[in-house]
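To start, the structure itself, in structure tokens.
The values are calculated or read from the model by the stated rules, or taken from the named source; none is laboratory data. Being a predicted model, the structure only gives us computed values, none of them experimental. All Cβ positions, glycine included, derive from the backbone under ideal geometry; neighbour counts span all protein chains shown. Please note that ligands, DNA and RNA were not included when accessible areas were found on the heavy atoms of the full protein model with its side chains. Shrake-Rupley method; radii C 1.70, N 1.55, O 1.52, S 1.80 Å.
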Amino acid sequence: MNGMTTHPTSMSSAAVVLATVRAGTDRAGTNHGQHGQRANSGEQRAHGGGATAVTLDRPGSRLRPGVWQGLLSGLLAVAVTAVSIPLLATLYDVFVPLAFLLAATHAAALVLAPFRPRAAIALSAWSVLVTALLSLGASGLAGLAWPLPVVTLITALLVLVLIGLRGDVGTAVTALLVSTAAAWAPLVATLADGDLWATAVPNLLTYHSVAVLVTALSLVASRVIPRVTVAQ
């Protein structure tokens, strides 16, 4: 029955054609599914939801230690400025605009200390010296802290701490020596005034001893906790 017999070559050709058609159908279905997934993803992105939504970590988790140190110095600067201005103007009879200038300059030194230590040293020393000289005419000065009013003393110490936390021993010692010299310098203008010397010497000795202590501790902290050190 030759009429009923199928040639092997014809059967192979038919199988190849059928396989090709099926592969094309499967590929088309796959492409259609991928296109649908892309469309759904595009809709999710358009609506800000779905698996493609961008999530953020909790606030502050990626802030570097230097940023936190800068924020801390900024907050301290605002606090000491708010206290220093009325203190200088009322108790030490400093002209109000000059009180603003002195407080702002010392606050700037506090902000710059972690990042620009040399500028911070200069500004802090200038503030200490000028504050002492301008407060010489205050009435009843013998009963006040002089030449370093309490807030000025605290601000100068904070500048030393922030500079010491950088871990640079030379810069920290320089800051200590310059601030001490600026604090003692006003006594030159009061050599003949025994009452001011009696007021100034305990104030200066207190500042000097605490300044040495906080400088040493901040340098030790910069070694024990390296992350607090700001990159130079």
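Within the stretch 106-120, if we keep just the residues that are open to solvent by less than 20 Å² (accessible area, probe 1.4 Å) and in a helix (DSSP H, G or I), the residue that is farthest from Ala211 (Cα to Cα) turns out to be Ala107.
Does Leu75 count as modelled with pLDDT of 90 or more, under 24 Å from the mean Cα position of the chain (by Cα) and open to solvent by 70 Å² or more (accessible area, probe 1.4 Å)? It is false that Leu75 is modelled with pLDDT of 90 or more, under 24 Å from the mean Cα position of the chain (by Cα) and open to solvent by 70 Å² or more (accessible area, probe 1.4 Å). Within the option set Thr171, Thr152, being polar (S, T, N, Q) and under 19 Å from Val201 (Cα atoms) holds for one residue only, Thr152. Is it true that some residue in the stretch 140-151 is in a helix (DSSP H, G or I) and at pLDDT 90 or above? Checking the stretch 140-151: at least one residue is in a helix (DSSP H, G or I) and at pLDDT 90 or above. Of all residue pairs spaced 6 or more apart or on separate chains, those with beta-carbon atoms under 7 Å, a first member in the stretch 69-96 that is without any contact (Cβ under 8 Å) to a residue 12 or more places away in the chain and part of a helix (DSSP H, G or I) and a second member that is aliphatic (A, V, I, L, M) and crowded, with 20+ Cβ neighbours inside 10 Å are Ala89/Ala99. Which one is farthest from the chain's Cα centre (by Cα), of the residues in the stretch 78-90 that are open to solvent by 40 Å² or more (accessible area, probe 1.4 Å) and farther than 20 Å from Leu157 by Cβ? Residue satisfying both the conditions and the ranking: Thr90. Of the residues examined, Trp146 is one that is aromatic (Phe, Trp, Tyr), in contact (Cβ under 8 Å) with a residue 12 or more places away in the chain and under 17 Å from Val201 (Cα atoms). Quick one: would you say Val159 is outside any helix (DSSP H, G or I), out of contact with any His (no Cβ under 7 Å at 6 or more places or on another chain), crowded, with 23+ Cβ neighbours inside 10 Å and not basic (Lys, Arg)? Spelling it out, it is not the case that Val159 is outside any helix (DSSP H, G or I), out of contact with any His (no Cβ under 7 Å at 6 or more places or on another chain), crowded, with 23+ Cβ neighbours inside 10 Å and not basic (Lys, Arg). Residue-level analysis places Leu98 outside the set of residues that are at pLDDT below 90, open to solvent by 50 Å² or more (accessible area, probe 1.4 Å) and either over 15 Å from Val161 (Cα atoms) or among the aromatic types (Phe, Trp, Tyr) (or both).
Looking across the stretch 193-223 at every residue that is of a type in the set (Ser, Thr, Tyr) and under 15 Å from Pro149 (Cα atoms), the one that is surrounded by the most Cβ atoms within 10 Å (Cβ to Cβ) is identified as Tyr207. None of Ala211, Ala181 is modelled with pLDDT of 90 or more, in a helix (DSSP H, G or I), touching a Ser or Thr at 6+ places or on another chain (Cβ under 8 Å) and at negative phi except Ala211. When we screen Thr190, Thr131 for residues that are in contact with a Ser or Thr (Cβ under 6 Å, 6 or more places away or on another chain), farther than 22 Å from Leu213 by Cα and surrounded by 15 or more Cβ atoms within 10 Å (Cβ to Cβ), the only hit is Thr131.
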